[in-house]
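Let me begin by presenting the structure, written as structure tokens, before commenting on it.
The values are calculated or read from the model by the stated rules, or taken from the named source; none is laboratory data. Every value quoted in this text rests on a predicted model; they were computed, and no experiment measured them. Backbone-built Cβ (ideal geometry, glycine too); neighbour counts: all protein chains shown.
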Amino acid sequence: MSAILTLNAGSSSIKYSVYLTDDGDPREVAGGQIDGIGPDAKLILKHDGSKTVRSLGQADHTAGLKAVLEALRPILGETPVAGVGHRVVHGGADFGDPVVLDEANLAEIAALAPLAPLHQPHNVAAIRAAMVAFPEAVQVGCFDTGFHRGHDFVNDVYALPRELYAQGIRRYGFHGLSYDYITGHIAGHHPELAQARVIIAHLGNGASMTAVRGRRAIASTLGFSALDGLPMGTRCGQVDPGILLYLLDQGMSPQALSDLLYKESGMKGLSGMTHDMRTLEESDAPEAREALAYYVSRIKREIGGLATAMGGVDALIFTGGVGENSPIVRKAACTGMDFLGLATDEAANDRNATEIGTGAVRIMVIRTDEERVIARAVLSKLD
């Protein structure tokens with residue numbers, strides 16, 4: 001028996017899980033995350049039915065990963081770590097399926113940092129730290145963009161000169177590990193939807209939606225970078241590129257523009273308060289209500305666009321931290337959408353039931369598990 005460790009390094013957190021490989025599917029035995037990387041980081045560990053929280057104080061990603069490894073050492077005991085799986089946000093044009101990582105392809109992955117500046121550098125840093133901590137383990141990269149590699153040309157291209165498309169400027173899509181898990185869950189637990197027209201809404205601090213049929217991605221709200229489509233916690237979502245040209249012409253530096261789009265916009269920028277959806281839902285401030293109204297309006301517009309890309313919709317699935325836990329957002333997103341067959345059962349929605357729809361289109365809430373997708377990919381590389 002051996003262990004698999006999964007690491008999902010984001011801009012302000014590190015999610016981790018430990019799996020044992022003593023049966024067919026990896027078995028999770030521990031997990032948690034480092035929250036609030038920065039001046040007030042904390043380690044959360046779930047193991048043997050209990051949850052512990054420990055303050056780390058000031059901690060960057062390196063210190064956070066060190067704390068994770070220390071917390072897991074007594075759990076692992078003498079069990080060897082055979083593989084470490086990593087979420088990598090951007091795979092560019094060359095990386096789709098999971099790959100065993102080495103210095104050559106890690107350099108290529110690191111070079112994609114401008115396409116995902118909030119995530120890619122931390123993904124690479126976690127990989128390098130794990131290589132040092134577990135030199136004998138197989139290191140496997142799993143790409144959030146990989147799920148979307150099968151888009152038709154019209155859903156993959158921008159109306160720019162064709163040579164730019166050939167150079168890799170195209171719609172990549174993200175949150176692919178989540179969509180991979182949800183489509184696999186559908187195939188196993190809801191086979192009647194296996195070939196249906198399904199819209200999956202991954203709503204969290206990062207947010208996107210995708211249209212799928214079978215396990216094939218048809219279209220996504222996210223594109224070349226993780227900035228398009230829906231407004232997110234601190235990211236802008238869809239914006240007129242003319243605004244960006246205007247700001248540059250007014251003297252804003254490229255770095256300041258990047259910070260604006262990635263770190264100061266989205267729900268944080270719209271509300272002038274916070275990126276935390278729970279705080280915004282509880283607030284009576286008009287700015288909070290307006291930010292939520294915009295968020296929901298964009299979800300509705302994207303539902304319509306994705307349904308058009310598939311010629312209709314048979315099911316809408318909510319997942320991600322907000323999608324799984326916010327009855328307010330789910331109800332608002334489906335209100336007034338009767339013309340598409342969307343209507344929610346208020347009682348079922350309020351208790352986060354799996355089935356929350358009453359209309360012609362099934363509406364479901366399914367908890368995603370990106371870490372399990374990563375663990376399965378690592379296991380496949382150990383065979």
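Brief remarks on what is shown
- Any hit, segment 99-107, residues being assigned to a loop (DSSP other than H, G, I, E, B), crowded, with 17+ Cβ neighbours inside 10 Å and touching a strand residue (DSSP E or B) at 6+ places or on another chain (Cβ under 9 Å): yes
- With respect to the conditions (1) touching a Lys or Arg at 6+ places or on another chain (Cβ under 9 Å); (2) of a type outside the set (Asp, Glu); (3) within 25 Å of Ala211 (Cα to Cα), Thr274 lacks only one, and its number is (3).
- Where strands (runs of 3 or more DSSP E) fall entirely within segment 20-91, those with at least 1 residues that are under 21 Å from the mean Cα position of the chain (by Cα) are at 27-35, 38-47, 81-88.
- Ile374 being part of a strand (DSSP E or B), of a type in the set (A, V, I, L, M), crowded, with 23+ Cβ neighbours inside 10 Å and at pLDDT 95 or above: no
- Identity of the residue in segment 270-282, surrounded by fewer than 22 Cβ atoms within 10 Å (Cβ to Cβ), of a type outside the set (S, T, N, Q) and in a helix (DSSP H, G or I), that ends up nearest to the chain's Cα centre (by Cα): Arg278
- Taken over segment 157-187, the criterion of being within 23 Å of Val88 (Cα to Cα), aromatic (Phe, Trp, Tyr) and not in a helix (DSSP H, G or I) is satisfied by Tyr172, Phe174.
- Condition met for Ser380 (within 20 Å of the chain's Cα centre (by Cα), at negative phi and either at pLDDT 95 or above or surrounded by fewer than 19 Cβ atoms within 10 Å (Cβ to Cβ) (or both)): no
- Taking the conditions (1) surrounded by fewer than 21 Cβ atoms within 10 Å (Cβ to Cβ); (2) assigned to a loop (DSSP other than H, G, I, E, B); (3) touching a residue at least 40 places away in the same chain (Cβ under 8 Å); (4) of a type in the set (Gly, Ala, Ser) in turn, Ser258 satisfies each one other than (2).
- Residue match in segment 13-26 (condition: touching a residue at least 12 places away in the same chain (Cβ under 8 Å), of a type in the set (Ser, Thr, Tyr), touching a Phe, Trp or Tyr at 6+ places or on another chain (Cβ under 8 Å) and buried (at least 22 other Cβ atoms within 10 Å of the Cβ)): no
- Residues that are in a loop (DSSP other than H, G, I, E, B) and of a type in the set (A, V, I, L, M, F, W, C), drawn from segment 108-118: Ala111, Leu112, Ala116, Leu118
- Considering segment 188-203, the residues that are outside any helix (DSSP H, G or I) and farther than 22 Å from Lys331 by Cα include one that is modelled with the lowest pLDDT, namely Ala194.
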